[in-house]
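J.: Let me give you the structure first, and then I'll get to my questions.
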Amino acid sequence: MTQANIARSQRGALTRDLPEHNLCKGDVAVVVEYLPGTSASGGEDGYALEVCNAVGETIAVIIVPVSAVKPLTGNEVLQVRPLSVTEQR
């Protein structure tokens with residue numbers, strides 16, 4: 001089991017594209033819940049994430065492994081993209 005490193009209600013960035021959800025690496029999401037690993041997840045812990053558009057409307061609530069999201073840092077700048085664009089930036 002891995003250790004959660006993003007607290008509930010904190011923002012993180014995706015570390016990989018999730019085309020099944022129309023999301024790209026670098027998209028920002030809010031941690032809704034930390035989910036301990038199970039045998040179904042191969043033992044990897046996860047997060048339930050809420051993803052919002054630029055005006056704050058929820059566009060997806062997803063469950064991902066902890067390896068699919070990283071904490072934001074002070075030396076990063078947020079950027080917007082059209083929701084229809086899911087190719088790597």
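The numbers here are math on the coordinates, done by the rules we state, and not lab data. Please read these numbers as outputs of a predicted model, since none were measured by experiment. Positions of Cβ are generated from backbone atoms using ideal geometry, with glycine treated the same way; all protein chains shown enter the neighbour counts.
J.: How much FRET efficiency would the formula 1/(1 + (r/R0)^6) give for residue 22 and residue 80, where r is the Cβ-Cβ distance and R0 is 22 Å, rounded to 0.05?
T.: 0.95
J.: If I model a spin label as a point 7 Å beyond the Cα along the Cα-Cβ vector, how far apart are those points for residue 73 and residue 11 in nm?
T.: In this crude spin-label approximation the distance works out to 1.7 nm.
J.: Quick one: compute the contact order of the chain, relative version, from alpha carbon pairs under 8 angstrom and 6+ residues apart, as a percent.
T.: The normalised contact order for the chain reaches 30 percent.
J.: Please sort by residue number the GluC sites (Glu not before Pro) in the stretch 3-73 whose DSSP state is loop and whose Cβ has at most 12 other Cβ atoms within 10 Å.
T.: Those that pass, being in a loop and sparsely packed, are 57.
J.: Here's something else I'd like to know. How long are the three semi-axes of the equivalent ellipsoid for the stretch 11-71, computed from the Cα gyration tensor as the root of 5 times each eigenvalue, in whole Å, largest first?
T.: In descending order the semi-axes read 20, 12, 10 Å.
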